[in-house]
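S.K.: Please find one structure pasted underneath; my questions will follow.
The values are calculated or read from the model by the stated rules, or taken from the named source; none is laboratory data. None of the values given here were measured: they were computed from a predicted structure. Because the Cβ atoms are built from the backbone with ideal geometry, glycine has one as well, and the counts that use them run over all protein chains shown.
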Amino acid sequence: MIIAVDGPTASGKGTISRALAAHYGLPWLDTGLLYRAVGRQLALNGGNPDLEADAVAACAFPDSLLDDPILRDEATGGLASRVSVHPGVRAALNKRQVDFANQPGGAVLDGRDIGTVIAPHADVKLFVTASAEIRAERRFKEMQGRDASVEYETILADIRARDKRDSERADAPLKPAEDAHLLDTGNLTIGAAVQRAIALVDAKT
Ligand code: C5P
């Protein structure tokens, strides 16, 4: 069984896909981490994220980089969003994701283009959303514990910029596949969102 989970940043798609993988005993790939690794490697190389050649060169990151906690930073997320617009970067990361999706026994993948590009044949596709304000509020609460100087308005502006870049790019933009189930997590606790996702998968299989 292949489960594709797409959606914007801070929608809850990561938590939901991790929980689905545990529930169904499937391997899970957070594909955003690959783009984050490219963004981080580009910073280490001193490259320019808006130059496709620099971004493609950063696709040769070592696998050990995937374990670096710095990949979770907002700054790395912003860089990931900028390098991910380049078709050359998407092509370089494509095979790894397609192979993961098609491994025997199935898999859960989360990202922006899993249901549309990486695994259009997925058995179940979920598109996880919530308003930009709710996502900013979640991110704000999560970050406040670590950094008291963070401001809600700044986070909201960053999220809006990232949404715009991800959904307006020409190559593999963020959008629900035609056959995706929309899961709005805005008014749901994470536990309720996971239960809803499991019910949607069970109904399809
Ligand atoms: O999901 P996450 O926030 O970690 O992803 C970081 C960035 O990587 C996203 O903003 C998006 O631009 C890019 N990305 C992508 N395609 C994916 C996963 C992530 O373009 N499948």
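S.K.: Is it true that residue 167 is within 12 Å of the ligand (Cβ to nearest atom), among the polar types (S, T, N, Q) and closer than 23 Å to residue 63 by Cβ? Spell out how you get there, then give the answer.
M.R.: Values: within 12 Å of the ligand (Cβ to nearest atom): yes; among the polar types (S, T, N, Q): yes; closer than 23 Å to residue 63 by Cβ: no.
Spelling it out, it is not the case that residue 167 is within 12 Å of the ligand (Cβ to nearest atom), among the polar types (S, T, N, Q) and closer than 23 Å to residue 63 by Cβ.
S.K.: Now, a different point. Go through segment 150-194 and give me each residue that's assigned to a loop (DSSP other than H, G, I, E, B) and closer than 22 Å to residue 140 by Cα.
M.R.: 150, 151, 185, 186, 187, 188, 189
S.K.: Do we find that residue 37 is farther than 26 Å from residue 200 by Cβ and surrounded by 15 or more Cβ atoms within 10 Å (Cβ to Cβ) in this structure?
M.R.: Working: farther than 26 Å from residue 200 by Cβ: yes; surrounded by 15 or more Cβ atoms within 10 Å (Cβ to Cβ): yes.
Spelling it out, residue 37 is indeed farther than 26 Å from residue 200 by Cβ and surrounded by 15 or more Cβ atoms within 10 Å (Cβ to Cβ).
S.K.: Further question on the same structure: Pick from segment 70-114 the residues that are crowded, with 19+ Cβ neighbours inside 10 Å and part of a loop (DSSP other than H, G, I, E, B): which of them is farthest from the ligand (Cβ to nearest atom)?
M.R.: Once the filter is applied, the top-ranked residue is 86.
S.K.: Checking the structure you have, find out if any residue of segment 62-69 is part of a loop (DSSP other than H, G, I, E, B) and more than 29 Å from residue 138 (Cβ to Cβ).
M.R.: yes
S.K.: When segment 21-54 is examined, which residues are found to be within 18 Å of residue 97 (Cα to Cα) and in a helix (DSSP H, G or I)?
M.R.: 21, 32, 33, 34, 35, 36, 37, 38, 39
S.K.: On to the next question. Being surrounded by 16 or more Cβ atoms within 10 Å (Cβ to Cβ) and near the ligand (Cβ under 9 Å from one of its atoms): is that true of residue 117 here?
M.R.: Yes, satisfied.
S.K.: Could you please give the count of residues in segment 165-204 that are of a type in the set (S, T, N, Q) and surrounded by 12 or more Cβ atoms within 10 Å (Cβ to Cβ)?
M.R.: Taking segment 165-204 as the starting set, the residues that turn out to be of a type in the set (S, T, N, Q) are 167, 185, 187, 189, 195.
From what is left, the residues that are surrounded by 12 or more Cβ atoms within 10 Å (Cβ to Cβ) are 167, 185, 195.
Of the residues in that region, 3 qualify.
S.K.: Of the numbered conditions (1) free of Cβ contacts under 8 Å to residues at least 12 places away in the same chain; (2) over 15 Å from the mean Cα position of the chain (by Cα), residue 106 fails exactly one; give the number of that condition.
M.R.: All conditions pass for residue 106, except number (1).
Per-residue answers, yes or no, for (1) at pLDDT 95 or above; (2) away from the ligand (no atom under 11 Å from the Cβ); (3) buried (at least 18 other Cβ atoms within 10 Å of the Cβ); (4) hydrophobic (A, V, I, L, M, F, W, C):
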| position | (1), (2), (3), (4) |
| --- | --- |
| 1 | yes, yes, no, yes |
| 5 | yes, no, yes, yes |
| 27 | yes, yes, no, no |
| 31 | yes, no, yes, no |
| 42 | yes, yes, yes, yes |
